[in-house]
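Here's the structure, in structure tokens; my notes come after.
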Amino acid sequence: MVDLLILLNDRCVEALDVTAAGVMLAAPGGDLQVLASSSAALRAVELFELQAEEGPCVECYRTGEPVIAADLTALDRRWPRFARRAVEAGYRSADSLPMRLRGHTIGALNLFRTALGGLAAPDLTAAQALADVATIAIIQHRTAIDAHILNDQLSEALNSRVIIEQAKGKVSQASGLDVDQAFDRLRHHARNHNLRLTDLCRNIADGALNPTALDPLGPSRRL
Amino acid sequence: MLGRTDGTPGLARLCEVAVDVAAVTGAGIMLAAGDQPQGGLSSSDGVADVIEELQFTLGEGPCIDAHGQGSAVSEPDLAAPAVTRWPAFAPAAIEAGVRAIFGFPVRTGTVRLGALNLYRDRPGPLSGDQHADALVVADLAALAILALQATVAPGALAAELDASFPAVVQQAAGMVSVQLNVTVGDALVRLRAHAFAAGRLLSAVAEDVVARRLAFDDPPSDVP
């Protein structure tokens with residue numbers, strides 16, 4: 001997980017016009033922690049920010065909105081302690097982007113620059129996109145989902161989808177129905193015979209059951 | 001005809017990021033199950049859609065290779081390749097406006113999920129940094145796909161992944177298998193062969209079959 005975040009930071013620094021990048025995430029209790037930073041200097045500034053409980057990253061996490069600090073030297077009133085410390089470390093501007101999933105903020109991606117002025121709009125968009133995907137990846141890790149199990153489920157779901165569509169095609173051709181009517185007929189038959197739709201479709205698709213052998217559509221057998 | 005695929009907002013944004021960081025014209029993500037491509041999940045533009053469709057139709061191309069061999073595939077000049085790898089795909093892709101093309105496996109560990117495709121409308125290789133960035137985007141795509149699948153119950157297919165599933169092709173395969181009395185696998189091969197010979201996309205041929213504008217049991221009169 002930390003590997004991914006380090007990678008995310010490195011890519012932000014390489015691909016975007018930023019000096020250093022860091023990720024802060026909320027611990028289960030809700031307190032922010034510095035998870036990864038692209039430089040030791042930034043890590044020190046971020047740790048200070050958490051201790052002082054003021055600064056763009058903290059505000060971004062609190063509000064769930066991007067915070068753009070285009071000129072840190074002019075921010076001695078908004079965040080006096082943080083701004084001084086960041087400027088001392090050589091940074092002149094900072095952008096903090098929320099890591100959000102379905103309205104829930106889990107942390108912030110922090111991008112610091114030695115130049116004045118915030119990131120250009122396209123860079124901000126790209127950075128937010130990276131933050132969004134990293135958020136998904138983090139949530140996935142937190143729920144401790146096994147990639148192999150998920151992949152098996154994905155393959156099985158895709159295969160079911162293939163089989164059902166193929167069976168619809170076969171029934172459609174064999175019975176002169178359109179594919180939607182063919183699907184109705186498959187479902188009708190599965191219901192009448194208490195079969196799983198996927199099992200019935202597999203039998204049709206692989207030729208074990210003739211598509212014309214299905215119960216005709218019409219009044220249900222049930223009284 | 002083909003529009004930009006954006007059934008998966010996270011993946012669509014990833015395609016945009018890939019375009020940005022690798023300085024390419026467009027990007028697309030292909031989903032696969034086993035060795036079978038299951039269609040394009042997301043793309044940055046119409047040409048990227050066509051690239052996915054061509055590979056799905058022809059069964060060859062950079063995504064299929066990248067997915068199959070589990071490593072990146074690079075063709076900086078599709079019109080003058082060092083080795084001819086994709087005899088059917090290359091001319092069709094050039095016609096669609098592609099001059100350089102790159103494929104990156106979308107996987108996590110040993111789990112292989114598909115491939116990321118990048119293309120340029122001019123020839124030229126990716127720089128080392130661009131290549132490295134593309135690999136990261138491909139890794140993120142793998143995590144995003146699994147995260148999507150993690151939101152649904154076992155047996156179900158996440159709606160975002162289902163949206164791009166080429167249902168019409170599988171329906172057509174079922175119909176042609178009855179028309180020719182062959183297995184659906186063989187029917188799919190016949191559909192692909194027809195699409196290739198007619199210079200059309202598999203999905204377009206499949207739509208004709210499902211709409212009964214084209215049948216494979218007709219006496220051979222060629223033009224349907």
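The values are calculated or read from the model by the stated rules, or taken from the named source; none is laboratory data. Given the structure is predicted, the values throughout are model-derived calculations rather than measurements. Neighbour counts are summed over all protein chains in view; Cβ atoms, including those assigned to glycine, are modelled from backbone coordinates with ideal geometry. All accessible areas refer to the heavy atoms of the entire protein, side chains included, with ligands and DNA or RNA removed. Shrake-Rupley method; radii C 1.70, N 1.55, O 1.52, S 1.80 Å.
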A 1.4 Å probe over the protein heavy atoms gives region B:100-146 a carbon and sulfur accessible-area percentage of 50
Measuring from its Cα centre, the protein assembly as shown shows a charge dipole (+1 at each Lys and Arg Cβ, -1 at each Asp and Glu Cβ) which, in debye to the nearest 20, is 880
A convex hull over the alpha carbons of region A:147-213 yields, per residue, a volume in Å³ of 79
Label model pair B:Glu95, B:Thr183: point-to-point distance (7 angstrom along the Cα→beta-carbon line) in nm is 3.1
log10 I(q)/I(0) for chain A, Debye formula on C-alpha points only (no solvent), q = 0.10, 0.12 Å⁻¹, two decimals, reads -0.59, -0.66
Output ordering of A:192-200, B:21-29, A:17-25, B:117-125 (per-residue mean of other Cβ within 10 Å, highest first) is B:21-29, A:17-25, B:117-125, A:192-200
Volume per residue (Å³) of the convex hull spanned by the alpha carbons of region A:102-217 is 191
Between B:Ala193 and A:Asp10, the FRET efficiency computed from the C-beta separation at R0 = 56 Å comes out, to the nearest 0.05, as 0.75
Output field shielding_mean for A:176-187 (other chain Cβ, 10 Å radius) holds 1
Taking r as the C-beta separation of B:Ala82 and A:Thr114 and R0 as 51 Å, the FRET efficiency to the nearest 0.05 is 0.75
Note to self: with every protein chain in place and a 1.4 Å probe, region A:62-112 gives an accessible area per residue in Å² of 49
About its Cα centre, region B:9-157 carries a charge dipole, from +1 on Lys and Arg Cβ atoms and -1 on Asp and Glu Cβ atoms, whose size in debye to the nearest 20 is 220
Rg/Rh over Cα atoms for region B:62-216, Kirkwood Rh, comes to 1.02
Amide H neighbours of B:Arg99 at under 5 Å, excluding residues fewer than 5 places away on the same chain, with H built from the backbone geometry, are B:Arg120, B:Asp121, B:Arg122
Simple spin-label estimate for A:Ala26/B:Asp129, 7 Å along Cα→Cβ, in nm, reads 3.5
In region B:108-137, the residues losing 50 Å² or more of accessible area (1.4 Å probe, heavy atoms of protein chains only) relative to their chain alone are B:Val111, B:Asp133, B:Val136
Computed over the protein assembly as shown, the convex hull of the Cα set has an average projected area, in nm², of 24.8
Once amide hydrogens are built 1.01 Å from N within the peptide plane, the residues lying 5 or more places from B:Leu41 or on another chain with amide H under 5 Å from its amide H are B:Ile29, B:Met30, B:Leu31
Heavy-atom accessible surface buried between A and B, both sides counted, 1.4 angstrom probe, nearest 100 Å², is 3900
Between the modelled labels at B:Glu60 and B:Glu207 (7 Å from Cα along Cα→Cβ) the distance in nm is 2.7
Relative contact order as a percentage, chain A, C-alpha pairs under 8 Å and 6+ apart, gives 15
Rounded to a whole number, the mean other protein chain Cβ count within 10 angstrom for residues of B:184-193 is 2
With +1 on the Cβ of every Lys and Arg and -1 on the Cβ of every Asp and Glu, the dipole magnitude of region B:80-205 about its Cα centre, in debye rounded to the nearest 20, is 380
